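The structure appears right after this line, and notes come after that.
Each reported figure results from applying straightforward, stated rules to the coordinates on display, with no laboratory input. None of these values were measured; they are calculated from a predicted model. Reconstructed Cβ throughout: ideal geometry from the backbone, glycine too, with neighbour counts over all protein chains shown.
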Amino acid sequence: MLDALSERLQGTFKRLGSHGKITEADLDVALREVRVALLEADVNFKVVRDFIAAVREKALGQDVMQSITPAQQVIGIVNEQLVEILGGNQEPLKRASQGPTKILVCGVKGSGKTTLTARLGLHLKSQGMRPLLVATDFERVAATEQLQVLGQQIGVPVYAEEREAPAPAVGKRALREAERLNANAVIVDTRGAVALDDDFADELAALADEIDPTEVLIVVDSMTGQEAVNLAKEFDEAVEGTGIVVTKVDSDARGGAVLSVRQVTGLPVKFITTGERLEALESFYPDRFASRVLGMGDVVSLVEKARETIGERDVKDVARRMQRGEFDLEDFLQQMEQVKKMGPLSGLLDMMPGMGGLKAQMGGASLDEDYFKQTTAIIQSMTMEERRRPDILNGSRRRRIAHGSGTTPADVNRMLNQFNQAKKLMQAMTGGKGSGGAGGLRRLLGF
Ligand code: GDP
Ligand code: MG
């Protein structure tokens, strides 16, 4: 999924180098590559143009931080801007304040509407709601049966009429059936068309009038890229959409549709679907998606895993300290111990932003236990004062610590450099002072 784009961007950032200050010329070269990568990923050209302009402005306006590499800094800004074009915050499915929540699913033929109708049914059912699925597509052969089979599979009732009738009339009767069944969610599947002609637009609009939907979800097939995005805009004009669902993201190596659709239509992406199984429905989180694009996708999983293993309070506390720049060696030690509980280190390092380099520096997978032991030993040989205020660690203290931990002063220095690097990076990731950073981690952690 999105592998092509992800690889291109990572290649670009690698070439930005890991030393020194970023110059305007370096930045322009990198941004030119980012632009090409996005265009090749089939992102809408206007979206790309605005994106590049925004990243450039932010990058030039930002203080250059010491000890954070230009590449990391640019990645931070690109990440932030990706989150922005994807809509910023996650937008959950709206619920009706009165009466059943009504969802109208529309889009072109074959985009995944019927499957999505069932998926939403399953999703709402798993949240304790009582959904009713409604078939209004008489055009496609066996469309009704398709929905009935899916409904049966997930144990959700389906309202379908045997004889062909105008969709708005079917919708009206379906609402009555929902009342009779005491359903509190009604999800209406519609027929698709290849293009949105006037008749079809009128029919959809009449159906929407009849149902008065809480949500009008427009389905965008990511495999058809910009064509699907432009059609989504037309659908929005015809039926006033409230949200987008991008389907088949699993089969799309490019990602252009997801990355463009918010900016082109102005509608929030509410879900993506990532497989044929009915469970393959994901709430859309702009920050998580941006991380995936940048190949830092597992940061979220990492944080979620950390939450489960460590408990939410600790994670938030540490994150707050990171953000304030108060993260010290004692925190570092505790973090290491908690990370150890989470599983093999080499896998975890891959999940952490910027830690891939550390891993390479340390000699790859072999570092796991040794690295932990050594770092732990070094920190444990420090006094509490030294752990809290690493800046007091002068040469003689470092020698004493090396001696106490059975390491060399060079080992101590390397460990301290890594700590400082990690601290800077964490501050940037959490949007701490001086970085204008991504704020991604902060958003993830919900504070
Ligand atoms: P509709 O014509 O808009 O109702 O589309 P359908 O719901 O019938 O789906 C068309 C095809 O796309 C079916 O074969 C689905 O299994 C497939 N499909 C839908 N969503 C996804 C997805 O997220 N990933 C993949 N790989 N296939 C999907
Ligand atoms: Mg269908």
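Pick out, from Pro157, Ala253, Ser291, the residue whose Cα sits farthest towards the positive end of the charge dipole of the stretch 101-293, with +1 on the Cβ of Lys and Arg and -1 on the Cβ of Asp and Glu.
The one lying farthest along the dipole's positive direction is Ser291.
Only bridges whose two residues both fall in the stretch 101-293 count here: according to DSSP, what percent of them are antiparallel, nearest 5?
10
In terms of modelled amide H atoms, which long-range or inter-chain residues lie less than 5 Å from the amide H of Asn184?
Arg130
Rank-order 383-391, 278-286, 132-140 by packing density, defined as the average count of other C-beta atoms within 10 Å over each peptide's residues, highest first.
Result, highest mean first: 132-140, 278-286, 383-391.
For a Förster distance of 25 Å, can you work out the FRET efficiency between the beta-carbons of Val149 and Glu179, rounded to the nearest 0.05?
Efficiency for this residue pair is about 0.50.
Give, in nm to one decimal, the length gained when the segment between Lys46 and Gln127 is fully stretched (0.36 nm per residue of separation minus the Cα-Cα distance).
25.3 nm
Is there a pair in Lys248/Lys270; Lys14/Lys46; Lys102/Lys125; Lys270/Lys424; Lys113/Lys270; Lys58/Lys424 whose C-alpha atoms are over 24 Å apart, and which pairs would that be?
Violating the 24 Å limit, Cα to Cα: Lys14/Lys46; Lys270/Lys424.
Could you give the length gained on full extension between Arg95 and Asp198, defined as 0.36 nm per residue of separation minus the Cα-Cα distance, in nm?
34.1 nm
When you count, for each residue, the other Cβ atoms within 10 Å and take the mean per peptide, how do 148-155, 216-223 rank with the highest first?
216-223, 148-155
Based on Cβ point charges of +1 for Lys and Arg and -1 for Asp and Glu, what charge dipole magnitude is obtained for the stretch 101-293 about its Cα centre, in debye rounded to the nearest 20?
840
Show me the ranking of peptides 179-189, 413-423 by mean Cβ neighbours inside 10 Å, starting with the highest.
Top of the packing list down: 179-189, 413-423.
Quick one: Cα centre-to-centre distance for the stretch 268-291 and the stretch 147-173, in angstrom?
Taking the Cα centre of the stretch 147-173 as reference, the centre of the stretch 268-291 is 26 Å away.
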